[in-house]
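The values are calculated or read from the model by the stated rules, or taken from the named source; none is laboratory data. As the structure is a computational prediction, the values presented were derived from the model and not from experiment. Using ideal geometry, Cβ is built from the backbone for each residue, glycine included, and neighbour counts are taken over all protein chains shown.
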Amino acid sequence: MNKKNVLQSIKIIILGLMLSLGLSYVLAQPGNNVPGPLNVGSSAQSKIGGLAVGTSTAPTAGFKLDVAGFLQSTGLNVNGTALISGKVGIGTAAPTSKLSVNGDANIVSNVTISSLGLHGVKQICVDDTGTLVYCP
């Protein structure tokens, strides 16, 4: 065997080993991150640093998750501050203002309204029983 054939054979063997072991085991992941791509199985995973979904831009400093597009979830638990720069729809996929609620709202604590622009609706008051009513 000549030198060229030996090198070609070594390259084929290395490629075969990489494919059989899986590239995620051959390539080291930075900073204790899980091997890419993220798995879709039921086992828990963790990632150090930010995660961008639907965009190639890394999340803004201080943020851990950046989603370009819609986020669909059966539950969302935010421990801390949530910054939402667009509109929020609860019970609607097409919010028309900063907060659009389609359905009943149960508010257990106080509601503070800093500025009340009526925009064609009546003013709301609280009667002697604590019930919200239209003001006379």
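Structure summary
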item: Entirely in segment 45-117, the strands (runs of 3 or more DSSP E) that have 1 or more residues that are closer than 25 Å to Leu132 by Cα; result: 88-90, 99-101
item: Contacts under 7 angstrom Cβ, first residue in segment 80-100 being under 17 Å from Val67 (Cβ atoms), partner of a type in the set (Val, Ile, Thr) and part of a strand (DSSP E or B), 6 or more apart; result: Pro95/Val88
item: Per-region count, segment 45-94, residues under 28 Å from Ala105 (Cβ atoms), surrounded by fewer than 11 Cβ atoms within 10 Å (Cβ to Cβ) and of a type in the set (Gly, Ala, Ser); result: 9
item: Residues of segment 118-136 classified as at pLDDT below 80 and in a loop (DSSP other than H, G, I, E, B), total; result: 8
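Table: residues versus (1) at pLDDT 70 or above; (2) of a type outside the set (Gly, Ala, Ser).
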residue	(1), (2)
Pro35	no, yes
Ser46	yes, no
Gly50	yes, no
Gly54	yes, no
Ala61	yes, no
Asn77	yes, yes
Thr92	yes, yes
Ala105	yes, no
